[in-house]
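The values are calculated or read from the model by the stated rules, or taken from the named source; none is laboratory data. Bear in mind the structure is a predicted one, so any value in this text is a computation, not a measurement. So basically every Cβ, Gly included, is an ideal-geometry build from the backbone, and we count neighbours across all protein chains shown. Only protein heavy atoms, including side chains, enter the accessible area calculation; ligands, DNA and RNA are left aside. Shrake-Rupley method; radii C 1.70, N 1.55, O 1.52, S 1.80 Å.
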Amino acid sequence: MPAPETAAIKCSITPTFASGDAKVGVIEHLMAAVSGAGIDDLLVTLDGPEPPILDGDALSYFKLLEQAGTRAQSGPKHAIKVTRTVAVTIKDASITLSPADAAEYSYDLDYSNTKAIGRQSYTVPFTRDSFAREIAPARTFGFMHELEMLNKMGLGRGASLQNTLAIEGDTVINKDLMRFPDEFVRHKILDAIGDMALAGAPLIARFHGVKSGHATNNAVLRALFADPANYMTIDLA
Ligand SMILES: [Zn+2]
């Protein structure tokens, strides 16, 4: 039986952002690229319900942003510095945001139910170079058995076996697309960077996620901003 054209993408089950009648979903790869490029002022115009998936990564957007170039503005540039550890847990997923001198992401992933992924851990300083080299190329992934359900729900539009790592049993069906042996945990960090960009300014903290996803990412930002003692806004040069 030929493989279906579309693969489920777990990371795309994300809340939509809405204002009036307008809503948009699956923005995390674009937001990660914008954040990784150090851009804090950008107008994005969309004519569809979600940004194109492109290569299922953030590198596609990052390269386009690099090509377009940036222009320095005269206004102040702020960052949000975490001053007190904030932690959230939802079922078996957790995130800790801890005070740090510079942004760093660390993630523990556990898909012990498939040898295609297994357990993976990764830690990376969040700099433009490390993002471009180690995180941005990591493609999204999903399980073939979720395909039918997600297709019925109309999710994961644009995802295909050409841009999404698709897992069936203990195998990555399209292994030739893989760019790293531990691509899955790197992509989870990519998603986390995209979601943390919704803080509204660069976050100076150590992010440590364990089996976390969009719901936990959202919850940790809400927990952070729930108490002004958790953070301070600082001016960047
Ligand atoms: Zn993703």
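Go through the stretch 107-140 and give me each residue that's outside any strand (DSSP E or B), closer than 28 Å to L64 by Cβ and among the β-branched types (V, I, T).
Of everything in the stretch 107-140, those that are outside any strand (DSSP E or B), closer than 28 Å to L64 by Cβ and among the β-branched types (V, I, T) turn out to be T127, I135, T140.
Among helices (runs of 4 or more DSSP H) entirely within the stretch 141-237, having at least 1 residues that are at pLDDT below 95, of a type in the set (D, E) and open to solvent by 30 Å² or more (accessible area, probe 1.4 Å) singles out 147-153. Condition check for S121 on (1) touching a residue at least 24 places away in the same chain (Cβ under 8 Å); (2) away from the ligand (no atom under 15 Å from the Cβ); (3) open to solvent by less than 20 Å² (accessible area, probe 1.4 Å); (4) of a type in the set (S, T, Y): one failure, at (3).
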